[in-house]
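Student: Have a look at this one before I ask anything.
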């Protein structure tokens with residue numbers, strides 16, 4: 001593996017070049033290129049089936065594109081396993097919440113720290129010696145995230161019992177626990193009411209400000225996308241049809257057609 | 001130097017120094033932060049506060065400057081009040097959940113020069129109204145999250161102010177001297193704090209309380225309830241409310257007990273269990289909430305547990321209060337109660353975090369007798385007090401053995417009470433206010449020529465010397481048929497049912513009493529879940545025919561109770577409706593202390609009030625609602641009106 005370079009704010013943290021992804025005969029993504037700059041909020045939007053989630057899956061190594069290159073922190077690769085992506089600082093949340101339903105909020109977020117744990121499995125099983133010391137350090141990190149996301153009151157509640165909006169917040173917490181450099185959010189606001197959406201927006205902006213995390217997000221709520229993101233890339237049927245600031249994208253005829261339909 | 005400053009304990013800064021000297025190692029304050037209770041001893045609290053005060057003085061805080069305190073119960077905000085007082089300023093706590101517009105009024109009226117706030121939310125609110133409050137020079141905040149990108153020309157972290165103060169105290173002995181001089185210069189005649197009334201009637205007024213009077217009042221009650229540094233309180237009431245300032249601030253500084261700040265308002269119940277507070281205060285609403293949750297959980301419990309609960313609640317109802325009052329109780333009943341305590345009451349109190357409570361008070365509103373008895377019967381020493389901001393809280397309070405549900409107790413030590421000819425309660429108390437800020441004419445209106453304060457409440461003394469409050473003096477009225485009508489009395493009876501969250505009664509000068517009802521979403525929602533009643537929104541649930549049936553049953557029960565009371569029998573509820581939205585302080589329907597504003601509601605829902613009296617079966621209403629961020633929207637609905645069952649009036653024998 002090529003050692004990761006230091007990337008200054010404003011430089012491309014991640015570059016996607018001419019990526020194509022096929023499932024058998026189905027083309028999910030065709031020849032898409034864009035970049036994500038360090039410290040920005042980058043939105044990926046598009047109608048249903050445009051290939052947005054596939055794109056995220058390509059970025060964090062879950063899918064391997066047939067063609068194209070991905071450059072992350074200066075290292076170019078065609079294939080990467082998800083756990084390698086995770087250890088390189090890419091964290092994500094899922095469209096359908098993927099938490100451990102029977103475990104408490106605290107434990108779920110603690111899971112996000114697993115990668116950072118150094119002590120051996122042996123000590124962890126017995127929760128003794130170095131593992132105990134380490135757990136205290138990690139617990140503090142997790143408590144800071146709990147405080148950050150204002151979920152103190154559900155610290156010990158099994159997440160399966162929580163309303164959807166809070167589960168999404170816990171999932172964000174777990175992703176943050178990895179101290180990611182690049183955070184991928186797959187529809188963080190789906191199924192939320194207005195107030196929950198506003199809370200989530202605030203958290204996303206705070207994450208960017210406080211931790212300097214670069215964020216790529218998929219979202220359907222246009223108001224949210226235009227308010228939050230620095231730049232937007234628009235996909236339709238697996239192709240990129242527009243790329244630019246929210247204002248540019250809003251004014252783009254191809255985007256308007258894709259969203260509103262064209263008279264035939 | 002210090003000894004001189006505290007020779008006469010007539011201000012709170014002097015009391016702080018006194019506590020730091022006499023019990024330096026005792027915990028003065030705790031805060032649950034990142035899941036761990038952090039503790040400050042009285043000596044540490046004093047050190048922080050002194051440094052903070054020096055920092056504030058360096059920022060230009062002058063004697064007599066007002067400083068707004070806005071946020072939840074957090075140590076740094078309590079320290080802010082102490083530090084401001086040390087520097088000779090006057091803290092003005094403001095309700096943290098007030099919308100920006102309300103806040104602007106108070107900030108402008110009180111002429112605050114600085115504000116100490118909790119977090120970004122409050123900073124945003126302040127910034128949104130900053131051009132309407134030109135006096136504000138600087139805003140200090142506790143939690144830095146989200147504020148990094150803000151323009152810091154008028155913003156600073158409280159931590160930084162404290163650090164600057166600490167540095168200044170090390171570098172410059174003059175700074176220490178100036179602080180000590182400022183503390184020593186404080187006298188009992190200084191205004192110690194300005195508390196804005198909740199505004200049940202019109203705009204809120206700034207109640208000026210002097211240090212000496214505050215301390216006199218708090219000393220009386222500390223002695224009355226034998227509070228000591230071994231006690232613990234959990235601070236969860238709004239900072240701006242007199243209850244919090246009295247019980248958590250004034251009494252703590254005088255008795256030297258520990259103020260425990262919960263992690264967040266939502267975790268207060270769990271935090272209370274962890275701390276095991278010994279002295280508790282809660283408005284009836286909080287007790288109502290606890291009882292509702294317990295009743296719901298019991299409904300969901302297994303058959304055996306339910307059986308056991310109901311049996312032992314019966315035992316508690318029969319003997320619990322007598323045991324608490326030290327009255328003679330048969331040995332077997334005592335034994336049975338002890339078993340109940342082991343099986344039911346003990347665990348119940350544990351769940352509610354009331355196990356270690358030695359003295360509990362409720363006030364703020366009349367409490368339903370059944371609700372009150374429930375908590376007393378399971379062994380909680382719950383008492384009532386009656387008070388108001390103008391009195392610095394206590395006017396009357398009950399002794400440990402003289403508790404009854406329908407009265408609020410005899411006058412607190414050193415308080416004088418008189419009943420005016422029209423039934424209004426008047427008092428003279430050691431803590432009584434100096435006046436309303438900038439409104440001398442209102443001060444004059446509230447005082448009698450011989451120095452008594454008018455409470456605005458109607459009441460009378462029972463034979464055993466306890467005061468009984470019926471209602472607001474101006475709300476007590478008569479129906480067209482001449483029957484006495486006390487809206488609050490009826491509303492409280494309705495509100496005892498867990499399904500009813502709020503009720504608003506009408507009837508002044510009409511031929512019958514009618515009322516609006518707000519269902520309790522938790523209780524009714526739970527019922528709906530168990531009975532497979534589907535609903536999409538609060539509005540839909542509120543209008544559900546089966547819900548109407550349940551509420552009709554409750555109304556009929558209230559009528560039956562009213563029929564048994566000769567005074568009230570003729571003012572039974574004739575018709576009622578269930579409101580389509582929850583009454584909300586943001587819409588001005590409730591005060592910030594959650595009291596209904598009857599007049600405002602009658603105006604706002606005029607078509608519904610009309611429908612209650614003109615016999616129609618339903619009515620349309622559309623109302624404007626205010627969201628938390630200040631935006632407005634409209635809710636419209638068709639509301640059904642229902643006739644209530646009138647109970648036959650019991651014939652006096």
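Student: Could you check, for region B:609-625, whether at least one of its residues is under 30 Å from the mean Cα position of the chain (by Cα), more than 30 Å from residue B:127 (Cα to Cα) and more than 14 Å from chain A (Cβ to nearest Cβ)? Step through it out loud before you land on a result.
Tutor: Let us first name the residues in region B:609-625 that are under 30 Å from the mean Cα position of the chain (by Cα), namely B:609, B:623-625.
Narrowing further to those that are more than 30 Å from residue B:127 (Cα to Cα): B:609.
If we keep only those that are more than 14 Å from chain A (Cβ to nearest Cβ) as well, we get B:609.
Yes, because at least one residue in region B:609-625 is under 30 Å from the mean Cα position of the chain (by Cα), more than 30 Å from residue B:127 (Cα to Cα) and more than 14 Å from chain A (Cβ to nearest Cβ).
Yes/no matrix, rows are residues, columns are (1) buried (at least 24 other Cβ atoms within 10 Å of the Cβ); (2) over 27 Å from residue B:271 (Cα atoms); (3) modelled with pLDDT under 95; (4) within 29 Å of the chain's Cα centre (by Cα):
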| residue | (1), (2), (3), (4) |
| --- | --- |
| B:26 | no, no, no, yes |
| B:41 | no, no, no, yes |
| B:47 | no, no, no, no |
| B:54 | yes, yes, no, no |
| B:78 | yes, no, no, yes |
| B:81 | yes, no, no, yes |
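Student: Filter region A:105-139 for residues that are within 14 Å of another protein chain (Cβ to nearest Cβ) and free of Cβ contacts under 8 Å to residues at least 40 places away in the same chain; which is nearest to residue A:89 (Cα to Cα)?
Tutor: Of region A:105-139, the ones within 14 Å of another protein chain (Cβ to nearest Cβ) are A:105-107, A:109-110, A:135-139.
From what's left, free of Cβ contacts under 8 Å to residues at least 40 places away in the same chain: A:107, A:135-139.
Values: A:107: 21, A:135: 21, A:136: 22, A:137: 19, A:138: 17, A:139: 20 Å.
It comes out as A:138.
Student: Out of all the residues in region A:147-157, is one or more away from chain B (no Cβ under 14 Å) and in contact with a helix residue (DSSP H, G or I) (Cβ under 9 Å, 6 or more places away or on another chain)? Please lay out each step first, then the result.
Tutor: Our first condition is that a residue be away from chain B (no Cβ under 14 Å); within region A:147-157, this holds for none.
Among the residues of region A:147-157, not one is away from chain B (no Cβ under 14 Å) and in contact with a helix residue (DSSP H, G or I) (Cβ under 9 Å, 6 or more places away or on another chain), which makes the answer no.
Student: Among the residues of region B:105-121, is there at least one that is within 14 Å of another protein chain (Cβ to nearest Cβ), part of a helix (DSSP H, G or I) and surrounded by 15 or more Cβ atoms within 10 Å (Cβ to Cβ)? Please lay out each step first, then the result.
Tutor: Residues of region B:105-121 within 14 Å of another protein chain (Cβ to nearest Cβ): B:118-121.
Pick out the ones that are also part of a helix (DSSP H, G or I) and you get B:120-121.
Cutting the leftovers down to surrounded by 15 or more Cβ atoms within 10 Å (Cβ to Cβ) gives us B:120-121.
Yes, that holds for at least one residue.
Student: Looking at this structure, is residue B:224 modelled with pLDDT of 90 or more, under 23 Å from residue B:430 (Cα atoms), surrounded by fewer than 21 Cβ atoms within 10 Å (Cβ to Cβ) and away from every other protein chain (no Cβ under 14 Å)? Give the steps one after another, and end with the answer.
Tutor: Values: modelled with pLDDT of 90 or more: yes; under 23 Å from residue B:430 (Cα atoms): yes; surrounded by fewer than 21 Cβ atoms within 10 Å (Cβ to Cβ): yes; away from every other protein chain (no Cβ under 14 Å): yes.
Here the answer is yes, as residue B:224 does meet what is asked.
Student: With respect to residue B:390, determine if the residue is part of a helix (DSSP H, G or I) and within 19 Å of the chain's Cα centre (by Cα).
Tutor: On the way: part of a helix (DSSP H, G or I): yes; within 19 Å of the chain's Cα centre (by Cα): yes.
Criteria met by residue B:390.
Student: Count, please, the residues in region A:35-60 that happen to be in contact with a strand residue (DSSP E or B) (Cβ under 9 Å, 6 or more places away or on another chain), at negative phi and not in a helix (DSSP H, G or I).
Tutor: Of the residues in that region, 13 qualify.
Student: If I ask for residues that are surrounded by fewer than 19 Cβ atoms within 10 Å (Cβ to Cβ), assigned to a strand (DSSP E or B) and in contact (Cβ under 8 Å) with a residue 60 or more places away in the chain, which ones from region B:393-421 would you list?
Tutor: none
Student: Here's a check for you: in region B:140-151, which residue that is at pLDDT below 95 and either within 14 Å of chain A (Cβ to nearest Cβ) or in contact with a strand residue (DSSP E or B) (Cβ under 7 Å, 6 or more places away or on another chain) (or both) is nearest to residue B:91 (Cα to Cα)? Steps first, please.
Tutor: Keep residues of region B:140-151 that are at pLDDT below 95, which gives B:143-151.
Then drop every residue that is not either within 14 Å of chain A (Cβ to nearest Cβ) or in contact with a strand residue (DSSP E or B) (Cβ under 7 Å, 6 or more places away or on another chain) (or both), which leaves B:143-150.
Values: B:143: 20, B:144: 22, B:145: 24, B:146: 26, B:147: 24, B:148: 26, B:149: 28, B:150: 25 Å.
That would be B:143.
Student: How many residues does region A:198-220 contain that are surrounded by 17 or more Cβ atoms within 10 Å (Cβ to Cβ) and more than 12 Å from chain B (Cβ to nearest Cβ)?
Tutor: Here the count works out to 8.
Student: To continue, here is another question. Could you check region B:605-634 and list, in sequence order, the residues that are surrounded by 18 or more Cβ atoms within 10 Å (Cβ to Cβ) and either assigned to a helix (DSSP H, G or I) or at pLDDT 90 or above (or both)?
Tutor: B:605, B:608, B:609, B:611, B:612
Student: Looking at region B:467-482, can you tell me whether even one residue there is under 27 Å from residue B:416 (Cβ atoms), modelled with pLDDT of 90 or more and either touching a strand residue (DSSP E or B) at 6+ places or on another chain (Cβ under 8 Å) or assigned to a strand (DSSP E or B) (or both)? Break it down stepwise before answering.
Tutor: Going through region B:467-482, the residues under 27 Å from residue B:416 (Cβ atoms) turn out to be B:467-476.
Restricting the remaining residues to those that are modelled with pLDDT of 90 or more gives B:467.
So of that shortlist, the ones also either touching a strand residue (DSSP E or B) at 6+ places or on another chain (Cβ under 8 Å) or assigned to a strand (DSSP E or B) (or both) come out as B:467.
So far as region B:467-482 goes, yes, one or more of its residues are under 27 Å from residue B:416 (Cβ atoms), modelled with pLDDT of 90 or more and either touching a strand residue (DSSP E or B) at 6+ places or on another chain (Cβ under 8 Å) or assigned to a strand (DSSP E or B) (or both).
Student: Still on this structure, please answer the following. Considering region B:245-277 alone, what residues qualify as being more than 14 Å from chain A (Cβ to nearest Cβ) and over 19 Å from residue B:42 (Cα atoms)? Break it down into steps so the answer makes sense when it comes.
Tutor: If we filter region B:245-277 for residues that are more than 14 Å from chain A (Cβ to nearest Cβ), which is where we start, we get B:245-260, B:275-277.
Answer for region B:245-277, where residues must be more than 14 Å from chain A (Cβ to nearest Cβ) and over 19 Å from residue B:42 (Cα atoms): just B:276.
Student: From the list B:235, B:255, which one is more than 18 Å from residue B:352 (Cα to Cα) and touching a helix residue (DSSP H, G or I) at 6+ places or on another chain (Cβ under 6 Å)?
Tutor: B:255
Student: Tally the residues that are surrounded by fewer than 16 Cβ atoms within 10 Å (Cβ to Cβ) and more than 14 Å from every other protein chain (Cβ to nearest Cβ), restricting the search to region A:158-171. Don't jump to the end; show me each part of the working.
Tutor: Going residue by residue through region A:158-171, those that are surrounded by fewer than 16 Cβ atoms within 10 Å (Cβ to Cβ) are A:160-161, A:163-164.
From what is left, the residues that are more than 14 Å from every other protein chain (Cβ to nearest Cβ) are A:160, A:164.
The total comes to 2.
Student: Turning to a different aspect of this structure: Does residue A:142 satisfy the condition of being modelled with pLDDT of 90 or more, at negative phi, more than 13 Å from every other protein chain (Cβ to nearest Cβ) and crowded, with 21+ Cβ neighbours inside 10 Å? Show your work before the answer.
Tutor: On the way: modelled with pLDDT of 90 or more: yes; at negative phi: yes; more than 13 Å from every other protein chain (Cβ to nearest Cβ): no; crowded, with 21+ Cβ neighbours inside 10 Å: yes.
So residue A:142 fails the test.
Student: Assuming residue A:58 fulfils every condition listed in (1) surrounded by fewer than 16 Cβ atoms within 10 Å (Cβ to Cβ); (2) at pLDDT 90 or above; (3) more than 27 Å from residue A:202 (Cα to Cα); (4) under 22 Å from the mean Cα position of the chain (by Cα) apart from one, which condition is it?
Tutor: Answer for residue A:58: the failing condition is (1).
Student: More than 14 Å from chain A (Cβ to nearest Cβ), in a loop (DSSP other than H, G, I, E, B), touching a residue at least 24 places away in the same chain (Cβ under 8 Å) and within 26 Å of residue B:233 (Cβ to Cβ): does that describe residue B:96?
Tutor: Working: more than 14 Å from chain A (Cβ to nearest Cβ): yes; in a loop (DSSP other than H, G, I, E, B): yes; touching a residue at least 24 places away in the same chain (Cβ under 8 Å): yes; within 26 Å of residue B:233 (Cβ to Cβ): yes.
Spelling it out, residue B:96 is indeed more than 14 Å from chain A (Cβ to nearest Cβ), in a loop (DSSP other than H, G, I, E, B), touching a residue at least 24 places away in the same chain (Cβ under 8 Å) and within 26 Å of residue B:233 (Cβ to Cβ).
Student: Taking region A:172-192, which residues are in contact with a helix residue (DSSP H, G or I) (Cβ under 7 Å, 6 or more places away or on another chain) and surrounded by fewer than 20 Cβ atoms within 10 Å (Cβ to Cβ)?
Tutor: Scanning region A:172-192 gives a single hit, A:191.
Student: Please list, ordered by residue number, the strands (runs of 3 or more DSSP E) wholly in region B:24-90 having 3 or more residues that are more than 19 Å from residue B:175 (Cβ to Cβ) and within 14 Å of another protein chain (Cβ to nearest Cβ). Break it down stepwise before answering.
Tutor: On the way: elements: B:27-33, B:36-41, B:66-70.
Passing ranges, in order: B:27-33, B:36-41.
Student: So, one more: Just name the residue that is surrounded by the fewest Cβ atoms within 10 Å (Cβ to Cβ) out of those in region A:4-24 that are under 18 Å from the mean Cα position of the chain (by Cα) and in contact (Cβ under 8 Å) with a residue 60 or more places away in the chain.
Tutor: Initially, region A:4-24 is screened for residues under 18 Å from the mean Cα position of the chain (by Cα), giving A:12-16.
Now restrict to residues that are in contact (Cβ under 8 Å) with a residue 60 or more places away in the chain: A:13-14.
Details: A:13: 25, A:14: 21.
My answer is A:14.
The values are calculated or read from the model by the stated rules, or taken from the named source; none is laboratory data. This is a predicted model, so every value here is computed, not measured. Counting neighbours? That spans all protein chains shown, and the Cβs are built from the backbone with ideal geometry, glycine included.
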